[in-house]
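To start, the structure itself, in C-alpha cells.
The values are calculated or read from the model by the stated rules, or taken from the named source; none is laboratory data. Every value quoted in this text rests on a predicted model; they were computed, and no experiment measured them. Note: ideal-geometry Cβ built from the backbone for every residue, glycine included; neighbour counts use all protein chains shown. Areas reflect the complete protein model, heavy atoms only, side chains present, ligands, DNA and RNA absent. Shrake-Rupley method; radii C 1.70, N 1.55, O 1.52, S 1.80 Å.
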Amino acid sequence: ASPIKIGVQAPITGQYANEGQGIADAVKLLVKQTNAKGGLLGHPLEVKVCDDQGEAAAAAICARQLVNDGVLAVIGSYTSGAALAAEPIYARANVIQTSDGTSDELTQRNYKTFFRNAPPNSAEALFTAGYFKAMGDKRIAVVTDHSSFATGLADAVVADAKKDGIDVLDKAYINAGSQNYTPVLTKLNALHPQVVYFSGYYTDGGLIKAQMAQLGMKAKFVGGDANQNVAFAKIAGNAAAGAVIINVPAPQDLPYPAAKEFLTQFKAAYGHEPPSIFTLTNADGFRAILDTAEKIKSVEPAKLIPALHALKNFEGLTGTFSWNAVGERTGSPYVAFEVMSNGGYKITYPPEAVTK
Amino acid sequence: MLGIVLQQLVNGLTVGGIYALIALGYTMVYGVLRLINFAHGDLCIFGAYIGLVALGSGAGSGQSHLLLVGAAFILAAVVVAAAGLALEFTAYRPLRKADRLSAVVSALGASLFIENGIMLLWGPQLKVFPSNLLPAMHWTFGGARIDLVQVLIMLGSAVLMAVLYWFVHHTRYGTAMRAAASDQDAARLMGINVNRVISSVFIIGPAIGAVGGLFIGLYYRQVYFTMGWTYGLNAFIAAIIGGIGNIPGAMLGGVLLGLFNAFAAGFLSSSWQEAITFALLIGILLVRPSGLLGERVAEKV
Amino acid sequence: MSDALLRLDGVGIRFGGLQAVGDLSFSVRQGQVVGLIGPNGAGKTTAFNLITGVYRPSEGRIELDGRDITGWAPHRIARAGIFRTFQTIRLFYGQTVLVNVLAGLHLQTRQHWWQGLLGTPFQRREEVELRAKVRELLARLELDTVADEDVASLPYGLQRRVELARALIAKPRLLILDEPAAGLNDQESAALNRTILAVRDQGISVLLVEHDMNVVMNVTDNIVCINFGRKIAEGTPEHIRNHPQVIEAYLGKDDDEDDVQAPVSRPAHLAAGGGGA
Amino acid sequence: MKRILALLRNPWVGAAIWVLGLAVPFGLDQTWVFIASLFAVYAIVALSQDIVLGRAGMFDMGHAVYFGVGAYVTAVLNTQFNWPILATWPLAVLLAAFVGALLAAPIVKLRGDYLLVATIGFNAIFILALDNNVAHLTGGADGIFGIGVPSLFGWQLASQNAQFWLDWLAFAAVLLLVRNLDRSHLGRTLFYIKHDQLAATTMGVDARAYRVLAYALGAGLAGFGGTLFATLMAAVSPGAFVFTESVTLFAIVLVGGQGSIPGVLLGTVLMFVVPQAFRSFAQYRYFVFGIAMVVVMVLRPQGIWPRAQRQEAKE
Amino acid sequence: MSDGSVGHSMRLLEVENLDVRYGQIQALKGVSLRVEEGEIVTLLGANGAGKTTLMRTISGLLRPRAGHVRFRGEDITRVGADRIVRLGISHAPEGRRVFPTLTVAENLMLGGYTRAPAEAAQSLKQVLLMFPRLEERSRQLAGTLSGGEQQMLAIGRALMAKPRLLLLDEPSLGLAPIIVRDIFRALRQIRQQGMTLLLVEQNARMALKLADRGYVLETGHIALQASARELLESPEVQATYLGRETSSADGARQQP
Ligand SMILES: Nc1ncnc2c1ncn2[C@@H]1O[C@H](COP(=O)(O)OP(=O)(O)OP(=O)(O)O)[C@@H](O)[C@H]1O
Ligand SMILES: Nc1ncnc2c1ncn2[C@@H]1O[C@H](COP(=O)(O)OP(=O)(O)OP(=O)(O)O)[C@@H](O)[C@H]1O
Ligand SMILES: CC(C)C[C@H](N)C(=O)O
Ligand SMILES: [Mg+2]
Ligand SMILES: [Mg+2]
C-alpha cells in the first residue's frame, strides 16, 4: 500500500536544536513502532523532516515544502513563532498540524487544521500570578525576548500579576542568544526585585540565572515553560540550584505507566532522555492523530479533522486530554518546580502536587 | 548609583577585552592584505570548542583545574593557529593577486565551512562548559562585583595586546610586517619574505583570537556553532571604530564597544542596544571615516 | 586682467603643518598656454587639485570668467568648463578606448536615466550619435585604429593620448595637463607639442605642469614658476629661462661635461633646496 | 565550451529559455513549481544587488533590508489594512527605493569596506526595529502571517502555478530593465564611478547623486522582490532579512560574476535553488557550500560566469 | 670592492634568452644581456618596450617563461625576490614604491633589512650624506613626500642593502631638471664607490653619458647593443631617443 507521509517541522539546528531533534526522534520512534504493527490502516508511515531553525521565515518555507510533499499531518514546531508562520499554509492545504506552541494566537485564528498539544500562555500566566501571590513575592521584574510566545507570556503575566496587586518593577527585553545580560540585570538589580521572571527559552534562561549569581543578585529566578529543558541546569552550572520553573510536570515526574514505557523506549533507541516534556507532548499530538484515524478508519482530512475536534479523554503520555472546537488542549495541571543542584526537579507548588 | 556605574564598567570591560582580542585578528589581516577575514570569528569560536575538548577530557585526570585551564588555552591557540595557517594557504594565498572581493567571498566560504564543520563535529546544539573550572573567587568594591574570570579576561587581554603592540611597532620584524602591509612587491625588494610575514599574521591573529574564544567559553560557559558570526561581527566593528589596520585602534575599539554596549543596555535600552551600537559606528564613520586612530592618508592625485 | 579666463587670487592650502600652496596668484587668458613649473613638491599638482575642486583651498579665491568657483565640487568645476589629465594616468582600465572617451561626453548627454532603463527610441538614437562623435575625434587624434582595444593593452604614450582625448571631447574652455610628457621619448613628446598647439589654436586655454623643458619652453606663452607653494617668477619662456631664482631653484646651472663628471662630494643644489628659501 | 557560453549569452536564446520556464508547472511537480517561484523572486533580488555591487561598485552587505521593506509593506498593508496584494506593489517598490536613497545618501561617500560595514549596520538596525515591533505593525520577532493571494481582474491567483507565472513575468520585466541599464548612459556612468571615481567626477559626473540613484534603483527592485516574496510565503518575519541573507546575496553576485546577468542567475540557482532541491543533505549543505565558495573563487576569481569583456564594443 | 674571490672571467649578471609574458601579452622575447663587475649599463627603449619587465624579472618579482638569469655564476631564475636581495641585487623600482605609511627613517631601515644592524647604520650615514633632504624629513611619512623626495628615498633605500648590483628603473621620471642632475651626480658618486649599475632611463642622453655600455630594447627584444659612446653617435639612437639636440635647437639644455 502507498505510504502515508507525516511531516515534522522543528528546529533541527539553531538555538533550540535539541528540542527539535527530540521531536523528530519521538515521531520517528512512534512511526517505527506503528510500521512494525502493520502501519496505519494498512499503509506504512513515512516521515519527512524539515528544519525550521525556530525561525518563522524558514518555517514558512518548510510548510510549503511539506505541503508539496503531500503530508497528512505535521508535528511541530517547537516554537510558537514557527508554528504561527506555518499555520495558514497548512490550513489552506488542509494539512493537520499539532504543536506545543503555547501562544494563544495559535488557536484564535480559527484555522480548523491546528491542534495544540500543550496548554496556552493565558493559563500559564494565571497560574504564575497565583504562584507569586502564594509565595508572597511582591516585587517582580520581568524579562522577555522578542518572540511572540515570550512577549505574549510576559504581557499576560504582567497583567495577571498586577491584578493580584503585585508590583511589576520593570519589563526588560533581551535579544535571544546575545549572551551578555549582565548590563540589563545590573539595571534590574538596582530596583531590588524579589523575583526576576523570565518568559523566554532555556538557552537564555540558564545564562540569566548564572549571570544573576555572578552579579550577586538576591532575587529568585522564575522561568516560564520554555525553561524546562535538560540544558537549563547545565548552562546555569553552579548557579542552577534554586531556579524555579513553571510548566506541566517534567518527563521524569510523570506518574503514568505509558509515559514511563515511552521514556524507556526512547532511551533505548537514542541513548539519552528526551530533552524536555515537549518531546512527549508532541508525541501525544501525533499519537492522538494516529489513534483517531484508526478509530474512524480514514485519513481523509474532511473526516479526520472533525473527529479530532471531538477528541475526548485521550490517554496521553502526559495525561488525559481532549481537544475542543478550536483545537485547544484542555485539562493539564501546571506545577512550579525548583531545580536542584543535581539537575533534578522538586515540585514546590501547588501544595497538592508537592513531591514528597 | 556609583555602584551601578562601576558594575557596568566591569560588565563592559569584560566583554570589551574579549572583543579587543578578536578584533586584533581582523585588524592584522586587514592591515596586511586589505581583507576582511570573515572566517576569523569562526576560528575564534573553534578555539572555544578545542578548549572545551581539552577541559572535558582532562576533567577527571586529577590535575589542578588552573593548570588544566592553562593547558586548554595553549592547545586552543596552537590548534587554531594551525587552522589559520591552513586557511591562508588554501583559501587566501591563491587569491593574493585577484580582485579584493574574490578573497572576501573566499573568506565567507571559509567561514561557512568552519562554522558548519564545527556543527558536524560537535552537533547543532549548544555546548556547555563544565562549571567549577576556576576557583569561585570574587571581589566587591564600591558596590560592584568582579569575579576571577573577569579579572583574568581583563588582565589577559591587556598583556597580550601590549606585547603585540610592542612587537609590531618596535621590532624589525614588526616594521617588515607593516612594510608588507603597504606594498608587497616593494617589501620583497627589501629582502622581506612576504609570504612568511603573511603566514605569521595568520598564526598570531587566530592564536590570540582563540584565547578570546576560550574566554567566551569560560565566561558564558555556553558555545554554539554560529556564535562566531556574532562575536566576529562585533569585534570587526570594534576594529573599524578604532581604525582598521591599526593595532592600538583595535584595542581601543574593543574596549569602547564593550563599555558602550554595557552602558547602552544598562541605561538606555537592552533591546535596542545593538542598534545603538551600530548607530554609533555609522556616526563615527561619517565623522572620522578611518576610525578613531586610523590615520588619514589622503589619496595623492 | 578682465580678459582672464582663470584667475587665482591669493590661493593657499595647508596639510597639517605644511603650507603646500600659499598666496598663489596668476591667471590664464583665453587661448593662452600657461606653464606651471617648479621643483618637486613645490605644490604644482596641489594647485591643480585646488583649481579642479579635488581639494578645497583654505584661503584665496579662484575665478573662472569672473565667476567665483572657489571650493566647488569637481563635477561642478567640470560643468563650468575645466577638464584635466592626471600626473599618473587615470583611465578606466578593462574597457575600450571608445568607452573611455565616451566619459568625456557625460555633460553633453541628454537622456534621462529612466529612458535608459526603458530603452526609449530617443535614448537609442542618442547612444549611436555619441559613439559617432567619439569615433570622429579618435580619427583626428590618430587613435581610430585602437578604438575598440582595451586601454590596458595600449602603450603608455597612447594611453596618455586617450586621456587627452577624453578631456578634449568634453569641449573644455580650460584644459589642465599634469606632466603630459612624463615617460614619453623625444619623438613622442614632439608629437605632444604639436597637439597642444593645435588645441590652443581651437581657442582652448591650456594650463600645464611639465618638467620636460623641451615641451615647456616650446609651447607656452607664459610660465609661472613656484617654489615652496609660492610664486617666485612669472613671464615668457625667455624671461623664465634666464631668471636667476628659477635657475637656482629649478633649472640648475647648465653643466658642461666636465662639471658633471667631476666628483662632487655634496651636491650643492640639493643642499640649497633642502635648506629652504 | 566558449561557444556554448557565447550562445547562451545571446538574448534570443535567453528569451527561449524563459519561455521554456513558463512550462514548468506542466512538466514538473509542485515541489519544483515552488522552487521555480523562489528562484524568480531571489533572482530579482540578486539582480538588484548586482546593480549596487556589481555595477555601481558599492559594497552593500545590507541589501536584505530593502528586500524586507518591500515584503513588510505588502504584509502590513494586506493583513492590517486589507489592501489587495497588487495594489501594494507600487508602494512596496517606492518605499524600498526611498529607504534605499535615504540610507545611502549620507554613506555613499565612504570608501569600500567602510561602506560595507555601514550597510551591515543598517541591516542590524532594521532587524532590531522589526523585532521590537516598531509602531506595532511588524509583529515582532515572529513577523506577520496569513498574507493573502493576489487577484487579477477579479481572478484569484490562489494556486501555486498561477503565482509562479506571476513571479516569472515579473522576473522577465526586471531582466529587461537590467539589460537596458547596461546599454545606457546610466550604466556607463556607474561603471566610470566604480572604476575611478575621481576621474569620473572631473568629467562632470556628480558621483554622489549617481550612487544614490543606483542605490535607490537597486533598493526599489529588491523591494519588488520583497513584495513577491511576501505573497509567495504568505508570511514574513525578520529571519528572512537578516544579515546572513545579505551576505548570501552579496556572495551570489561574486560567485556568479559581477555585472553578468547569466552569472548572477547562475549564482542564484547555486545558492537558493540547489539547497531546496537537496533538502535531505540539509546537514551538509552549508558545509559543502563553504567549500564550493572557496573553490570557485580560487579557480575563477572573477566568478563562474564573468561579465563579457568589453560588452560595449559591439554597438 | 673588487674582491679576488670572484673570478675575473665570471660575469656579475648574465641574462640569457629571457621570455616573459603577461597573460596573452609577450613582454620579452629572447632577451640576453650581460653586466660586468663595476660597469654601468643602461637600457634604452620606448614606452612598453619591456625595460621594467626585464628589471622585475632580474630582481625576481616576475618569473620568466623561459631563459635564465645568472648572478655571479649562480642561476637565480627561480629564486624569490627576497632572497635575491641577499645575494646582492638591489632594485629601486619604477614609480618609487616607497612605503607611504612608514616614516622615511623606517623606509631606510628596511632597505638594510638583510644586513646586520651595525653595518646598516654605517650605510645610513652615507646615504644621508648623499641625500641630506632625507635626514630633515626622517620622521615624515614617506607618502607625503614630493615626487623628487620620494625618488631620493627610493634610491637611498636601495643603497642601504649595499648591493653589488643596483637596478634603477627611471630614476628621473617626473623630476625637476635640477633634481635630475643631482640624482645623476649621486649616481656618479655611487659608481666611484665601485658599485655596478643597470640603469633604465628615458633621459637617454644623460644615461649614455654616464654609462659604459648600453642596450636598446624594442618591443621585447634587444635591437641594438654597443658601447655608450657608439650609441650616442648612432643615427638611429639619435633620431628616436636623443631628439632633443636635433629637433629643437632652442631646448632648455642649450642655454648658457
Ligand atoms: N594630501 C597631502 N597630505 C599631506 N601633504 C601633501 C598632500 N598632498 C601634497 N602634499 C605635500 O604638498 C607638497 C606639494 O606636493 P605636490 O604634489 O603638489 O608637488 P608637485 O609640485 O606636484 O611635485 P612633483 O613635481 O613632484 O609632482 C609636497 O611637499 C607634498 O608632500
Ligand atoms: N602587469 C601587466 N599586465 C599586463 N601587461 C603588462 C603589465 N606590465 C607591463 N605590461 C605590458 O608589457 C609590455 C612591456 O611593459 P614594460 O612596463 O616592461 O615597459 P617599459 O619599457 O618599462 O615601458 P615604460 O617606459 O613605459 O616604463 C607593455 O606592452 C606593457 O603594456
Ligand atoms: C515548547 C515550548 C517551550 C514552546 C513555547 N511555549 C512556545 O510557544 O514557543
Ligand atoms: Mg605633481
Ligand atoms: Mg618602465
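Mind checking how much accessible area E and C bury in total, 1.4 Å probe, in Å² rounded to 100?
Approximately 3700 Å² gets buried when E meets C.
Taking every pair of Cα atoms in region B:2-287, average 1/r, invert it to obtain the Kirkwood radius, and report Rg/Rh to two decimals.
On the way: Rg = 18.8 Å, Rh = 19.3 Å.
Ratio of gyration radius to Kirkwood radius for region B:2-287: 0.98.
If R0 is taken as 60 Å, the Cβ-Cβ distance between B:Y165 and D:F278 corresponds to a FRET efficiency of 0.80. Listed by chain and number, the aspartates and glutamates whose alpha-carbon sits under 13 Å from that of C:K133, ignoring those within fewer than 8 places in the same chain, are C:D144.
For chain C, the share of accessible area belonging to carbon and sulfur comes to 50 percent (1.4 Å probe, ligands and nucleic acids excluded). Within the straight-line cut-off of under 13 Å between alpha carbons, the aspartates and glutamates reachable from A:K346 are A:D253, A:E338, sequence neighbours fewer than 8 places apart in one chain being disregarded. Let a ≥ b ≥ c be the square roots of the eigenvalues of the Cα gyration tensor of region B:97-155; is it rounded (a/c under 1.5), or, if not, prolate (a/b larger than b/c) or oblate? Cα axes put region B:97-155 in the oblate bin. Counting only alpha carbon atoms, the long axis of helix B:247-263 and the longest principal axis of chain B meet at about 40°. Taking the protein heavy atoms of region D:214-315 in the context of the full set of protein chains, the accessible area attributed to carbon and sulfur is 67 percent at 1.4 Å.
All C-alpha to C-alpha distances of the protein assembly as shown, sorted into 10 Å bins beginning at zero, yield P(r) values of 1, 7, 14, 18, 18, 14, 11, 8, 5, 3, 1, 0 percent in whole numbers.
Taking amide H atoms as placed 1.01 Å from N in the peptide plane, the amide H of A:V71 has no partner under 5 Å among residues 5 or more positions away or on other chains.
With the alpha-carbon atoms of region B:61-116 aligned to their principal axes, the span from lowest to highest coordinate is 52, 20, 13 Å, starting with the largest. Once backbone amide H atoms are built at 1.01 Å from N, A:V8 has A:K48, A:V49, A:C50, A:I75 as its partners under 5 Å, excluding neighbours fewer than 5 places away on the same chain. Of all the C-alpha pairs in chain A, what % are more than 26 Å from each other? I get 47 percent for the Cα pairs in chain A exceeding 26 Å.
The alpha carbon centroids of region A:227-291 and region C:123-162 are separated by 76 Å. The long axis of helix A:202-214 is offset from the longest Cα principal axis of chain A by roughly 10 degrees.
Kindly flag which residue pairs out of A:K112/A:K234; A:K112/A:K162; A:K112/A:K220; A:K133/A:K187 have an alpha-carbon separation exceeding 30 Å in this structure. Intermediate results must be reported in sequence, preceding the final value.
On the way: A:K112/A:K234 40 Å; A:K112/A:K162 34 Å; A:K112/A:K220 41 Å; A:K133/A:K187 24 Å.
The pairs that break the limit, which is 30 Å between Cα atoms, are A:K112/A:K234; A:K112/A:K162; A:K112/A:K220.
Only sites in a loop by DSSP and with at most 16 other Cβ atoms within 10 Å count here; which trypsin sites (Lys or Arg not before Pro) in region A:200-277 make the cut? Qualifying residues, ordered by number: A:K218. Here the Gaussian network model covers chain B, with springs between Cα atoms less than 10 Å apart; of B:A20, B:A81, B:A210, B:A81 fluctuates the most.
Normalising by residue count, chain D has a Cα convex hull of 146 Å³ per residue. Label sites at C:Q19 and E:S227, each approximated as a point 7 angstrom past Cα along Cα to Cβ, lie 5.4 nm apart.
Here are some pairs, A:K5/A:K32; A:K171/A:K218; A:K37/A:K312; which of them have Cα atoms lying more than 20 Å apart in this structure? Working shown, then result.
Working: A:K5/A:K32 13 Å; A:K171/A:K218 18 Å; A:K37/A:K312 24 Å.
Table pairs above 20 Å Cα-Cα are A:K37/A:K312.
Compared with the dominant principal axis of the Cα atoms in chain C, helix C:121-140 is inclined by about 40°. Straight-line cross-link reach from A:K303 at under 18 Å between alpha-carbon atoms covers these aspartates and glutamates, not counting any fewer than eight positions away in the same chain: A:D291, A:E294.
What separates the Cα centres of region D:10-63 and region C:11-39 is a distance of 55 Å. Amide H to amide H, with H built 1.01 Å from N, C:I176 comes under 5 Å of C:F83, C:R84, C:T85, C:L207, counting only residues 5 or more places away or on other chains.
Once a ≥ b ≥ c are taken as the square roots of the eigenvalues of the Cα gyration tensor of region E:37-116, is the result rounded (a/c under 1.5), prolate (a/b larger than b/c) or oblate (a/b not larger than b/c)? Oblate.
Separation of region B:95-144 from region D:79-148 is 29 Å, based on Cα centroids. The GNM of chain B, with springs linking C-alpha atoms under 10 angstrom apart, assigns the highest mean-square fluctuation among B:P289, B:P206, B:P135 to B:P135.
Using a probe radius of 1.4 Å on heavy atoms only, what accessible surface per residue do you get for the protein assembly as shown? Whole Å² is fine. Don't skip to the end; give the middle numbers.
Details: 53590 Å² over 1505 residues.
Accessible area per residue, the protein assembly as shown: 36 Å².
Working note: Karplus 6.51/-1.76/1.60 with θ = phi - 60° gives region E:65-77 the couplings 6, 8, x, 9, 10, 10, 10, 6, x, 9, 6, 10, 4 Hz, where Gly and Pro are set to x.
Translational D (Stokes-Einstein, µm²/s) of chain C at 4 °C and 1.567 mPa s when Rh comes from the Kirkwood sum over C-alpha pairs? Intermediate values should be presented prior to the final figure.
On the way: Rh = 20.2 Å.
Estimated via Stokes-Einstein, D reaches 64 µm²/s.
Computed 3J(HN,Hα) for region D:48-64, one whole-Hz value per residue from the Karplus formula 6.51 cos²θ - 1.76 cosθ + 1.60 where θ = phi - 60°, is 5, 5, 5, 4, 6, 8, x, 9, 8, x, 9, 6, 8, 10, x, 5, 4, glycine and proline marked x.
When the helices of the protein assembly as shown are scored as -39500 (n - 2.57) per DSSP H run of n ≥ 4 and the total is divided over every residue, the value at 222 nm lands at -16500 deg cm²/dmol.
If I take R0 = 51 Å and measure r between the Cβ atoms of D:W18 and A:E300 in this structure, what FRET efficiency does the formula 1/(1 + (r/R0)^6) give, to the nearest 0.05? Working shown, then result.
Numbers: r = 40 Å, r/R0 = 0.79.
Here the calculated transfer efficiency is 0.80.
The share of Cα pairs per 10 Å bin across chain E, counted from zero up to the longest distance, runs 7, 30, 36, 22, 5, 0 percent.
Could you list the trypsin sites (Lys or Arg not before Pro) in region D:233-315 that lie in coil according to DSSP, counting only those with at most 11 other Cβ atoms within 10 Å of their Cβ?
Values: sites: D:R279, D:R285, D:R307, D:R310, D:K314; in loops: D:R307, D:R310, D:K314.
Listed in order of number, the matching sites are D:K314.
With a ≥ b ≥ c taken as the square roots of the eigenvalues of the C-alpha gyration tensor of region D:121-198, please select rounded if a/c is under 1.5 and otherwise prolate if a/b is larger than b/c or oblate if it is not? It is oblate, given that a/c is not under 1.5 and a/b is not larger than b/c. For region C:49-135, the set of GluC sites (Glu not before Pro) satisfying both a DSSP loop assignment and a count of at most 12 other C-beta atoms within 10 Å is empty. Compare D:A222, D:A16, D:A36 in a GNM of chain D, Cα atoms joined below 10 Å, and give the one with the largest fluctuation. Highest fluctuation among the options: D:A16. May I ask for the net charge around E:L173, where only other residues with Cβ less than 10 Å from the Cβ of E:L173 are counted and Lys, Arg are +1 while Asp, Glu are -1? So the environment of E:L173 carries a net charge of -4. Judged by a Cβ-Cβ distance under 4.7 Å, the unpaired cysteines of the protein assembly as shown are B:C44, C:C225.
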